[in-house]
Amino acid sequence: MNTGRKKISRSFQNWLLVLVMVAFVATTVFLWLIQTRLAQENTVRLLELNIADVRQDIQDASDENLLALTAEIAGKLNNAQAITADFLFELCDQYDVTEINCINPDGLIYVSTYPDFLNYDMRSGEQSAEFMVLLDGETEYVQRYQPVSYDASISRKYAGVVLENGGFVQVGYGFERFQRDIREFVIGVTRNRHVGEGGCILIADESWNIVSDRNGNEGRNLDVTGIWIDTQTMSQGEVFSSEVYGESCYCMYKQQEGYTIVAVMPQSEAALSRNVAVGVTTAMQIVIFSALFIMIFVLVKKLVVDNILKINGSLA
């Protein structure tokens with residue numbers, strides 16, 4: 001009996017099946033790695049984008065309010081017969097601001113509600129030197145909340161407006177006054193904001209007390225959400241994992257105007273796009289590799305195996 005036909009066909013079929021399966025597994029693993037990397041990059045971009053939007057909204061709101069107050073104070077100073085410390089204190093009480101400084105065209109503070117600041121050269125510190133643009137043609141300038149150059153233990157948010165008689169006036173908020181100015185805006189900024197479908201934005205103050213949370217935890221410490229941030233070891237803008245309200249999430253934080261903005265996105269949602277892409281592509285691969293397996297086996301069987309068997313039969 002001629003058993004060559006059965007042995008050759010089955011051997012070729014087995015080896016072809018092995019090669020096709022190896023190719024299928026290799027492409028699936030490669031696809032999984034690529035889609036995982038893309039999902040991670042998309043998550044980072046989404047977290048960064050949402051934080052950037054909130055930071056910009058907070059900064060715009062605080063800048064607009066402080067600049068408006070500074071412009072009104074500058075108008076009062078322009079109409080004043082004499083600018084004295086007592087007059088500045090009256091303006092501080094009237095407009096509920098923390099500090100007012102008047103700077104002459106040489107960049108020196110000549111009147112201030114803080115006596116220690118008198119004769120301070122605004123060019124001598126990195127933070128204060130930013131306001132020198134008001135002596136170089138700019139008419140107004142606003143600065144983010146940060147420590148002052150004269151004393152790093154004091155943090156202020158300043159705005160400056162040019163005065164008609166030369167120089168400019170600088171108006172500053174302390175943290176408590178700054179918080180009152182934008183707290184209402186900050187509380188509402190995240191209520192209707194989503195990160196993806198199930199993510200959210202949380203905002204905490206300098207004491208890590210929540211001031212804005214879609215789940216209504218305002219006034220409680222950030223620990224209640226499960227998020228723990230160590231600013232000494234965890235850099236701003238880096239993604240870290242945390243259990244937020246009992247769900248594994250990717251998180252990112254950045255600070256703005258004395259507030260800490262935390263973007264949260266569930267890991268299950270971050271992986272959803274990867275899983276869908278891999279699932280669809282894998283299904284297509286099964287169809288393609290199955291078709292290739294059948295086509296190659298049939299062609300090789302007819303063109304090679306059958307002819308070999310014919311030759312063997314003739315030789316026999």
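The values are calculated or read from the model by the stated rules, or taken from the named source; none is laboratory data. Predicted model only: the values in this text are computed from it and were never measured. Cβ: placed from backbone, ideal geometry, glycine included. Neighbour counts: every protein chain shown. With ligands, DNA and RNA removed, areas are computed over all heavy atoms of the protein, side chains included. Shrake-Rupley method; radii C 1.70, N 1.55, O 1.52, S 1.80 Å.
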Residue within segment 110-122 that is in a strand (DSSP E or B), farther than 23 Å from residue 62 by Cβ, open to solvent by 60 Å² or more (accessible area, probe 1.4 Å) and out of contact with any Gly (no Cβ under 7 Å at 6 or more places or on another chain) present:
yes
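Considering each residue of segment 74-84, count those that are exposed (fewer than 15 other Cβ atoms within 10 Å of the Cβ) and either part of a helix (DSSP H, G or I) or in contact with a Ser or Thr (Cβ under 6 Å, 6 or more places away or on another chain) (or both), and give that number. Let's see the steps before the verdict.
Quick first cut of segment 74-84, residues exposed (fewer than 15 other Cβ atoms within 10 Å of the Cβ) only: 75, 78-82, 84.
Checking which are either part of a helix (DSSP H, G or I) or in contact with a Ser or Thr (Cβ under 6 Å, 6 or more places away or on another chain) (or both) leaves us with 75, 78-79.
Residues that pass the stated criteria total 3.
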Quick check on my filter: what residues within segment 247-271 are over 13 Å from residue 199 (Cα atoms) and not hydrophobic (A, V, I, L, M, F, W, C)?
253, 254, 255, 256, 257, 258, 259, 260
Between residues in segment 142-160 that are in contact (Cβ under 8 Å) with a residue 24 or more places away in the chain and basic (Lys, Arg) and residues that are open to solvent by less than 50 Å² (accessible area, probe 1.4 Å) and part of a strand (DSSP E or B), which pairs lie under 6 Å by C-beta distance while being six or more apart or on different chains?
156/172; 157/173
Could you tell me which residue of segment 276-288 is farthest from residue 237 (Cα to Cα), considering only residues that are open to solvent by 40 Å² or more (accessible area, probe 1.4 Å) and in contact (Cβ under 8 Å) with a residue 60 or more places away in the chain?
286
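Looking only at residues that are assigned to a strand (DSSP E or B) and touching a helix residue (DSSP H, G or I) at 6+ places or on another chain (Cβ under 6 Å) in segment 250-264, which one is nearest to residue 40 (Cα to Cα)? Break it down stepwise before answering.
Kept after step one, since they are assigned to a strand (DSSP E or B), are these residues of segment 250-264: 250-256, 259-264.
If we keep only those that are touching a helix residue (DSSP H, G or I) at 6+ places or on another chain (Cβ under 6 Å) as well, we get 250, 252, 254, 256, 261, 263.
On the way: 250: 10, 252: 13, 254: 19, 256: 25, 261: 20, 263: 15 Å.
Ranking the qualifying residues of segment 250-264, first place goes to 250.
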Do you know which residues across segment 47-73 are modelled with pLDDT of 85 or more, buried (at least 21 other Cβ atoms within 10 Å of the Cβ) and within 16 Å of residue 170 (Cα to Cα)?
66, 70, 73
Taking segment 221-246 and keeping only residues that are aliphatic (A, V, I, L, M) and not in a loop (DSSP other than H, G, I, E, B), one is left with 222, 224, 244
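What tally of residues in segment 293-303 results from selecting those that are surrounded by 14 or more Cβ atoms within 10 Å (Cβ to Cβ), within 16 Å of residue 19 (Cα to Cα) and not aromatic (Phe, Trp, Tyr)?
Keep residues of segment 293-303 that are surrounded by 14 or more Cβ atoms within 10 Å (Cβ to Cβ), which gives 293, 296-297, 300-301.
Adding the requirement that they be within 16 Å of residue 19 (Cα to Cα) leaves 293, 296-297, 300.
The next check asks that each one be not aromatic (Phe, Trp, Tyr); those that pass are 296, 300.
So the count comes out to 2.
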Cβ contacts < 8 Å: first residue in contact (Cβ under 8 Å) with a residue 24 or more places away in the chain, restricted to segment 252-270; second residue of a type in the set (Phe, Trp, Tyr) and outside any strand (DSSP E or B), any location; separation 6+ or different chain. Result?
257/145; 257/178; 258/145; 258/175; 258/178; 260/208
Residue satisfying all of: in segment 53-83; more than 17 Å from residue 203 (Cβ to Cβ) and among the polar types (S, T, N, Q); nearest to the chain's Cα centre (by Cα) among these
65
Tell me whether segment 223-242 contains one or more residues that are more than 18 Å from the chain's Cα centre (by Cα) and open to solvent by less than 50 Å² (accessible area, probe 1.4 Å).
yes
Does residue 254 satisfy the criteria of being under 30 Å from the mean Cα position of the chain (by Cα) and not β-branched (Val, Ile, Thr)?
yes
